[in-house]
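A.B. asks: Got a structure for you, questions after.
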Amino acid sequence: MAKNRKTPDMNLPVWFDGQNINEALFCEEFLHERRIIFANGAFFTPDGRVTDDLPLRGEIYDKLKFCAVNNIPRKITNILEVLKLEAQVPDFPPEQDRIHLSNGTLLLNGTFTKGRPAIVRNRLPVVYNPHAPTPVTWLKFLDGLLHAEDIPTLQEFFGYCLIPSNKGQRMMVIKGNGGEGKSQIGAVLSAIFGTNMKDGSIGKISENRFARADLEHILLCVDDDMRMEALRQTNYVKSIVTAQGKMDLERKGKQSYQGWMFARLLAFSNGDLQALYDRSDGFYRRQLVLTTKEKPMDRADDPDLAEKMKAEAEGIFLWAFEGLQRLVANNFKFTESDRIQENREAVKRDNNNIFDFMESEGYIRLKADASISSKDFYEIYRMWCEENSLAPLKARSFSDAMIANAKKFNLEHCNNITNSAGRRVWGFMGVEAVARPHINGFYGNSPCTYVPEDIPEEWRQVE
C-alpha cells in the first residue's frame, strides 16, 4: 500500500509539517537554491529583471504541489510577498561600465568574461561573438535609409542605449515622409534588447505623470509612430532624457518613490517633435534629429528584411559597441553632421517664429545703445506676423521666448526702460523699433486687420 503523504514517517521539508506551510522557512530554503534579490520594486536574477512573475510562480508551485493544502494559488501569492521581504536589499544601482550579455559580461574597455555568476539589473539576449561576421544586410539597409554622414550618430546612439546611463543627455528622432523602412530599426533593436526595450509613446510620457514609472529599469523606449500633436508640457520628457541617478516616480494609487531612470527615447515620425508652450532652447538641444533619404520609386521592398537583419544581431551588436566606445572616448558628446545641426535648428524655428522675426528687415534693428518696451516690442512682432500670414505667440510666450534667447541676440531684459508716457517699464536693451504700428487701420500705407491699443502719441498717423 502506498504511504499517505501526510504520515509522520514521510521525509517532509522543514517548511511543511504535513498540514501547514511555513512561508518564511520556505522562502529561506528557496533563496538557498535560487539566486534572486528584490530591490527597487522588482526581482532580479542572473538573467536580469523578472518582468513576468509567472515562471517564478511556476517554480514555487513545483515545490508545493505535493502538499495537500487548500488554495495553493493564494498560498503562492503569499509566498511571493514574503519572498520580497526575505530577498530584499536596500538598493541595486545600475552598472554603467559594463554590458551583460547572454554568454557573459563585456566591459567598456573590451574585456569579456564568460559566464553568468552575478545577479544583474539588465541582461541582453544577444551573444557576444568578437568574430561575428560584418552585418552586411544591416549596413546596406542603413546606407539606403540615411545619409552617410548621419550613420555614425545612429551608431553612437544605439551603443549609448546598451548601458544604463543618461550621460549623453540626448533623445533621437528619425524623421521621414513614410515608406522608407525606418520602422524596421525597431524590429532589429528588439532582437538585441529583448525585455530591456519597451514600445511607448512620447505623447503619453509628456501627458501622464504615471508613464515615467513604466520606464523604470528599461534601457530603451521606442515610439514607432510618434503622433504629430505638439506636446502641451515637456518637463516629463526632458527629465527622462537628462536623468542622472534616481528621480521621483509615481504609480496609480501608490505613494511616489525614488527610482532609477535611465531609459533612452527613440522616435520614428513623419514630422517634428514640437512643444506647444516650451520655447526654451533646452527642449530642442536634447534632440538628435535624423532625416531619411527619399524612397527610390523603383525600390522593391523585401518582406523578410527584418528577419534577415535579426539574424545579424551578433554583428550589429559589435557595430553598436564600436559606436559606444567612440562616444565614451568623446566624453559622451555625439558626432553631429551639419545636417543634424541644421535639422535641430529648423525644428526650433518652426516652433518659434521669433527667430525669423529677429532676422527680418524693416521691423526692428539690433543696436547696442537702443531700447524698447516689452509692449512695443510685441506690437511690432504682431505686425510682422500679420504681414507674413503667421500665427503670433501670445504676449507672455513671446516675452518668455525673447528672455530665453536674449544672449543669442545680445539683448538685456530689464525693468528700467522708459516708455512714451515717461513711465519706467519692462523691456529690452540692445534693440530699437524701425516699423511703427498705427491706429488708423494701416501699417504705413498697408491695410491691416489688427489695430493695436494704447499706441504712443508719436506713433499716431493722421490721414
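All of the numbers you see were taken from the coordinates with simple rules; none came from a lab. The structure presented is a predicted model; accordingly, all values stated were derived computationally and were not measured. All Cβ positions, even for glycine, are placed from backbone atoms using ideal geometry, and neighbour counts span all protein chains on display.
A.B. asks: Projecting each Cα onto the charge dipole of the chain (Lys/Arg +1, Asp/Glu -1 at the beta carbon, about the Cα centre), which of P133, G18, T335 comes out farthest on the positive side?
C.D. replies: Farthest along the dipole direction, towards plus: G18.
A.B. asks: On a 0 to 90 degree scale, rounded to 10, what angle separates helix 23-33 from the longest Cα axis of the chain?
C.D. replies: 90 degrees
A.B. asks: Mind checking which lysines have their Cα closer than 17 Å to the Cα of K63? Skip sequence neighbours fewer than 8 apart in that chain.
C.D. replies: Qualifying lysines at Cα under 17 Å: K6, K75.
A.B. asks: Below 20 Å, Cα to Cα, which aspartates and glutamates can K167 reach? Residues fewer than 8 away in the same chain don't count.
C.D. replies: Correct list for K167: E95, D97, E156, E216, D248, D281, E322, E336.
A.B. asks: In degrees between 0 and 90, to the nearest 10, how far off the longest principal axis of the chain does helix 338-351 point, with axes built from Cα atoms?
C.D. replies: Value to nearest ten degrees: 70.
A.B. asks: Could you give the distance between the Cα centres of region 34-68 and region 122-195, to the whole Å?
C.D. replies: Computed from Cα coordinates, the inter-centre distance equals 32 Å.
A.B. asks: In degrees, nearest 10, range 0 to 90: what is the angle between the Cα axis of helix 151-160 and the longest Cα principal axis of the chain?
C.D. replies: Once rounded, the angle reads 50 degrees.
A.B. asks: Cα convex hull of region 108-177: mean projected area in nm², to one decimal?
C.D. replies: 6.9 nm²
A.B. asks: For R35, project a label point 7 Å along Cα to C-beta. Then give me every residue of region 78-103 with its amide nitrogen under 20 Å of that point.
C.D. replies: 84, 86-103
A.B. asks: Suppose R0 equals 51 Å. What FRET efficiency, 1/(1 + (r/R0)^6) with r the Cβ-Cβ distance, do D62 and E322 give to the nearest 0.05?
C.D. replies: 0.70
A.B. asks: Follow-up. Say R0 is 30 Å: what FRET efficiency, to the nearest 0.05, do T242 and V50 get from their beta-carbon distance?
C.D. replies: 0.55
A.B. asks: Working out 0.36 nm times the residue gap between R424 and K293, then minus their Cα-Cα distance, what length gain in nm do you get to one decimal?
C.D. replies: 41.8 nm
A.B. asks: Too long at a 27 Å Cα-Cα cut-off: which of K204/K407; K204/K375; K182/K238; K175/K204; K114/K246; K238/K394?
C.D. replies: K204/K407; K204/K375; K114/K246
A.B. asks: What's the local net charge at I72, with K and R +1, D and E -1, over the other residues with C-beta under 13 Å away?
C.D. replies: Local net charge: +3.
A.B. asks: Can you list the HN-Hα couplings for region 313-320, worked out from phi with the Karplus curve (6.51, -1.76, 1.60; θ = phi - 60°), rounded to whole Hz and with x for Gly and Pro?
C.D. replies: With coefficients 6.51, -1.76 and 1.60, one gets 3, 5, x, 5, 4, 4, 4, 5 Hz.
A.B. asks: Stretch T113-L390 to full length: gain in nm at 0.36 nm per residue minus the Cα-Cα span?
C.D. replies: Residue separation times 0.36 nm, minus the Cα-Cα distance, leaves 93.7 nm.
A.B. asks: Project the alpha carbons of region 351-431 onto their principal axes and report the range along each, largest first, in whole Å.
C.D. replies: 33, 26, 23
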